[in-house]
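Colleague: Would you mind keeping the following structure in view while I ask a few things?
The values are calculated or read from the model by the stated rules, or taken from the named source; none is laboratory data. Quick caveat, the model's predicted, so the values are computed rather than measured. When we count neighbours, we look across all protein chains shown, and the Cβ atoms used for this are built from the backbone with ideal geometry, even at glycine. Ligands, DNA and RNA are excluded from the accessible area calculation, which covers all protein heavy atoms including side chains. Shrake-Rupley method; radii C 1.70, N 1.55, O 1.52, S 1.80 Å.
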Amino acid sequence: MRFNSLDDIRAFCRDLPRGDAQAAEAAALRQQNLTKPPGSLGRLEELAIWLARWQENATPRLERVTIAVFAGNHGIAGRGVSAYPPEVTAQMVANFAAGGAAINQIATLAGAELRVVPLDLERPTRDFTVAAAMDTEDFLDAVDIGCHAVADDCDLLVVGEMGIANTTTAATLCAALLGGGATRWAGRGTGVDDDGLSRKRAAIETALKVHERILGDPLAVAAALGGRELAAIAGAVLAARQRGVPVLLDGFVATSAVLPLARLEGHVLDHCRAGHVSAESGHRDLLRELHLDPLLDLNMRLGEASGAGVAILLLRAALACHNGMATFAEAGVSGAGD
């Protein structure tokens, strides 16, 4: 799968695969016949049916789960918008490789393969207060890297990110595409002080003015105001849609990465669920705008797919019940109406 132009992405989003309605109906029927009152497992039932639709299998599985963490550096970091220097991005990628990060522990517990994808860390995007962060070719190259991170035999994709200053990038995308300015969307990210927050908000407002003429084009916004790791997340989500792979989104940055796609087509995220709601300012509001109801609310704000990684355990619980419980007939138990 390769998008050679922004128009290719637009065309794909106009003609999306819709999943397997028959598999979803069969899964819903099975839920009605399991040894429990209808609806008593709440969202676990809905999750099993959602997985069935996108895996095209009434008894879905989670044998091959991939957590993809995309890492990128941002020119806007030079504006003093983060509490940490840009070299921390590469240092954290090394920590992932050594198994020392939170996501390593969560991936092991959840039975998931962790795939870390750094994108030109030595070449940050441009400072978007003075120029477009990426040109179209650079943006499409990052989207392509994300597309290739999704294996054909993947049962579930979890997407996350690492990138110093990328909460500023995420907030700028949200302000550009949803309105409300920096005050609505900018939070403290890695923990900036009041002066850092002021610099962050000023950078966002400057970027909105500099790029005012393109704000009506979601993909142009994604290139000019985004980052490579965000573009890669968007590419991975599109590839997952093509291949029938359900997706768990992580926090504020990962969700902002797919906002431009959602502004193109309202159903583009039907194969996605929000793994959690981050404590980062703006994420709850962004999920509300995208009509995504988070699975967890644990006051997490680490990124690196950590919140969505924990949510894998919920999906495993949903499928353990869906596939493992007996039906009323199998158990010799009288069902409702018998």
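Colleague: Return one whole number: the accessible area per residue of segment 187-338 in Å², for a 1.4 Å probe. Display every interim value, and only then the final one.
Modeller: Numbers: 5730 Å² over 152 residues.
Using a 1.4 Å probe on heavy atoms only, each residue of segment 187-338 averages 38 Å².
Colleague: Quantify, in whole percent, the carbon and sulfur part of the accessible surface of the chain (1.4 Å probe; protein heavy atoms only).
Modeller: 49 percent
Colleague: Restricting to Cα pairs below 8 Å that are 6+ residues apart, what does the relative contact order work out to for the chain? Please round to a whole percent. Please report the intermediate quantities before stating the final value.
Modeller: Values: 685 pairs, mean separation 82.3, N = 338.
The value is 24 percent.
Colleague: Once phi is turned into ³J(HN,Hα) by the Karplus curve 6.51 cos²θ - 1.76 cosθ + 1.60 with θ = phi - 60°, what whole-Hz value does each residue of segment 202-216 show in order, with x for glycine and proline?
Modeller: 5, 5, 5, 5, 4, 4, 5, 6, 4, 10, 3, 5, 9, 5, x
Colleague: Just from the alpha-carbon atoms, what are the Rg and Dmax of segment 261-338 in angstroms?
Modeller: So, for segment 261-338, Rg and Dmax equal 17.6, 51 Å respectively.
Colleague: Shifting gears a bit: Of the listed values (1) 20.3, 65; (2) 24.2, 102; (3) 20.3, 71, grab the one calculated as Rg and Dmax of the Cα atoms in Å from the structure here.
Modeller: (3)
Colleague: Of the DSSP beta bridges with both residues in the chain, give the percent that are antiparallel, rounding to the nearest 5. Walk me through the intermediate numbers first.
Modeller: Details: 1 of 21 bridges.
So the antiparallel bridges in the chain amount to around 5 percent.
Colleague: Mind listing the long-range amide H neighbours of MET162? Cut-off is under 5 Å, sequence gap 5 or more, other chains count too, H placed in the peptide plane at 1.01 Å from N.
Modeller: Distant-sequence amide H within range of MET162: PHE70, ALA71, GLY72.
Colleague: Another one. Tilt of helix 166-178 relative to the longest C-alpha principal axis of the chain, in degrees (0 to 90, nearest 10)?
Modeller: Between the helix axis and the principal axis of the chain, the angle is about 80 degrees.
Colleague: Please give the calculated 222 nm ellipticity per residue for the chain, where each DSSP H segment of at least 4 residues contributes -39500 (n - 2.57) and the sum is spread over every residue; nearest 500 deg cm²/dmol?
Modeller: On the way: 15 runs with 171 residues, N = 338.
For the chain, the value works out to -15500 deg cm²/dmol.
Colleague: A follow-up question, please. Give me the distance in nm between label points sitting 7 Å out from Cα along the Cα-to-Cβ direction at ARG43 and LEU313, one decimal.
Modeller: Distance between the two pseudo-spin positions: 1.5 nm.
Colleague: Still on this structure, I have one more. For segment 272-279, take each phi angle, set θ = phi - 60°, evaluate the Karplus expression 6.51 cos²θ - 1.76 cosθ + 1.60, and give the result in whole Hz per residue in order, putting x for glycine and proline.
Modeller: 10, 10, 7, x, 7, 9, 6, 6
Colleague: Here is a follow-up. Hey, if you drop one equal point scatterer on each alpha-carbon of segment 3-89 and run the Debye formula without solvent, what base-10 log of I(q)/I(0) do you get at q = 0.12, 0.17 Å⁻¹?
Modeller: With one equal scatterer per Cα and no solvent, log10 I(q)/I(0) is -0.68, -0.84.
Colleague: Per the Kirkwood definition applied to all pairs of different Cα atoms, how many angstroms is the hydrodynamic radius of segment 242-288?
Modeller: With all distinct Cα pairs of segment 242-288 included, I get 11.1 Å.
Colleague: Give the angle, between 0 and 90 degrees and rounded to the nearest 10, that separates the Cα long axis of helix 21-33 from the longest principal axis of the Cα atoms of the chain.
Modeller: The helix 21-33 is inclined about 50 degrees to the chain.
Colleague: Also: Starting from the amide H of VAL116, placed 1.01 Å from N in the peptide plane, find each other amide H under 5 Å away whose residue is 5 or more places distant or on another chain.
Modeller: Amide H to amide H, under 5 Å and 5 or more residues apart or across chains, VAL116 pairs with VAL69.
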